[in-house]
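All remarks here apply to the structure that follows.
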Amino acid sequence: MNKLNDNWFSESCTMWPGATFSFEVKEVLHDEQSEYQKVQVFNTTSLGRVLVLDGIIQCTEKDEFSYQETISFLPLCCHKNPEKVLIVGGGDGGVAREVSKHPQVKEIVQVEIDEKVIEVSKKYLPFMAVGFQSKKLTLHVGDGFKYLQDHREEFDVIITDSSDPIGPAVSLFEENYFTLMKRSLRPGGIVCSQAGTIWNDLGLVTSTLDYCKKQFPAASYAYASVPTYPSGQIGFVLGSLDKDIIFDTPKLVFTRDQEIEMKLRYYNSDIHKAAFVLPTHVKYLLS
Ligand code: SAM
């Protein structure tokens, strides 16, 4: 149930019962049921523009960069030469924006299931949708799970920028999805999937990490601070075909000049290392 009372929008979801995050709305810019989900964009008093799908915040203008940079550069900077990258989901364009900045990336393929999310993001969220203008990018509208069934040994890195496991995204959190991703990677390939937080979705984190561990000789969990996600964090499961990979040590470290040129606002090599440091109550559970 999501309400807009007295210009306040409250996000609530069965995945985090009994608590909600609310923001004040200046203007409803878009409100439409697509083939797959309810797509809303709000202009707000304190978060800038906000994209909401099926009542759940996907990104806000204020803090989207921490998510987009982390889910992109953790796997990219762990890979020795990430030339070809697949993005599954990511209909706002933010991950394409970040991946296209990486100096070693030559080719990006993106598969987003909902054309409406792309269209609405281009219209109302140009600060993220700028990613769709990258010359490196080929964009397909379709189901990422089905796309992977037809592609083998093609990608160096697969980034799954999915919505939560409700509606069209359910299959992207299942064990078979990790089997398909593994098959679609070139030798030494790395996957990185949105995987929930230790505070609200510990069951989801452990199941996603377990599926990843079953398929990949090396797997780990990392997280970023995103104040407008439930619990203020979001986590990522990473898997690598290279059993000797050390996830918390980036192979490519950006210089300060590169950080400036790439307009990085969250990611740096210290954040990379810190992203894998877990609090005691989950450190041993997830190891
Ligand atoms: N950063 C956001 C988060 O963590 O909540 C995710 C943002 S992005 C908008 C998520 C996208 O995944 C949505 O546009 C949704 O349509 C897309 N998606 C969901 N299931 C999908 C599938 N099976 N294949 C491809 N895209 C999918």
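Could you work out the local net charge near ALA218, counting Lys and Arg as +1, Asp and Glu as -1, over the other residues with Cβ closer than 11 Å to its Cβ?
With Lys, Arg at +1 and Asp, Glu at -1, the net is 0.
What value, in deg cm²/dmol to 500, does the helix sum -39500 (n - 2.57) over DSSP H runs of n ≥ 4 give at 222 nm once divided by the residues of the chain?
Per the formula, -7500 deg cm²/dmol.
Taking LYS116 as the anchor, which lysines have their alpha carbon closer than 16 Å to its alpha carbon, excluding any fewer than eight residues away along the same chain?
Reachable lysines: LYS38.
Per-residue counts of other Cβ atoms within 10 Å, averaged by peptide: what ranking do you get for 224-234, 249-259, 143-153, highest first?
224-234, 143-153, 249-259
At a 10 angstrom cut-off on C-beta neighbours, averaged per residue, how do the peptides 205-218, 6-19, 265-278, 188-201 rank from highest to lowest?
So the order, starting with the most tightly packed, is 188-201, 205-218, 265-278, 6-19.
Can you work out the Karplus-derived ³J(HN,Hα) for every residue in the stretch 90-96? Use 6.51 cos²θ - 1.76 cosθ + 1.60 with θ = phi - 60°, whole Hz, and x for glycine or proline.
x, x, 7, x, x, 6, 4
Hey, what did the stretch 3-60 get for relative contact order, percent, Cα under 8 Å, at least 6 apart?
For the stretch 3-60, the relative contact order is 25 percent.
Would you please classify the overall shape of the chain from the alpha carbon gyration tensor, given that a ≥ b ≥ c denote the square roots of the eigenvalues, rounded means a/c under 1.5, and beyond that prolate means a/b larger than b/c while oblate covers the rest?
Judged from the Cα gyration tensor, the chain comes out rounded (a/c under 1.5).
Around PHE65, what is the net charge, scoring Lys/Arg as +1 and Asp/Glu as -1 over all other residues with Cβ under 13 Å from its Cβ?
Details: positive: LYS62, ARG97, LYS101, LYS263, ARG265; negative: GLU61, ASP63, GLU64, GLU69, ASP92, GLU98, GLU259.
That works out to -2.
Near LYS283, which aspartates and glutamates are there with a Cα under 17 Å away, not counting those fewer than 8 places off in the same chain?
Cross-link targets: ASP201, ASP210, ASP248.
Net charge within 15 Å of LYS26 by Cβ-Cβ distance, Lys/Arg positive one each and Asp/Glu negative one each, not counting LYS26 itself?
It works out to a net charge of -3.
Which of the peptides 174-182, 60-68 is most tightly packed, and how do the rest follow, going by the mean number of other Cβ atoms within 10 Å of each residue?
Values: 174-182: 18.9, 60-68: 21.8.
Averaged packing, sorted descending, gives the order 60-68, 174-182.
Let me make sure I get this right: for the stretch 3-60, a, b and c are the square roots of the gyration tensor eigenvalues over alpha carbons, sorted descending. Under 1.5 in a/c it's rounded, otherwise prolate if a/b > b/c, else oblate. Which is it? Kindly include the intermediate steps, with their values, before the conclusion.
Values: a/c = 1.71, a/b = 1.04, b/c = 1.64.
Since a/c reaches 1.5 but b/c is at least a/b, the shape of the stretch 3-60 is classed as oblate.
Which residues among the stretch 205-224 fall inside the zone where the amide N is under 18 Å from a point 7 Å beyond the Cα of VAL277, along Cα→Cβ?
221-224
Arrange LEU285, LEU47, LEU53 by Cβ neighbour counts within 10 Å, fewest through most, would you?
Arranged by neighbour count, lowest to highest, LEU285, LEU47, LEU53 become LEU285, LEU47, LEU53.
Just need the relative contact order of the chain here, percent rounded to a whole number, with Cα pairs under 8 Å and 6+ apart.
Reported as a whole number, the value is 16 percent.
Determine the distance separating the Cα centre of the stretch 229-267 from the Cα centre of the stretch 15-47; give it in Å without decimals.
Answer, in whole Å: 28.
Rounded if a/c is under 1.5, else prolate if a/b is larger than b/c, else oblate: which is the stretch 222-279, with a ≥ b ≥ c the root eigenvalues of its Cα gyration tensor?
It is oblate, given that a/c is not under 1.5 and a/b is not larger than b/c.
Read-outs throughout are calculated quantities, based only on the coordinates presented, and are distinct from any laboratory measurement. Being a predicted model, the structure only gives us computed values, none of them experimental. As a convention, Cβ positions derive from the backbone with ideal geometry for all residues, glycine included, and neighbour counts pool all protein chains shown.
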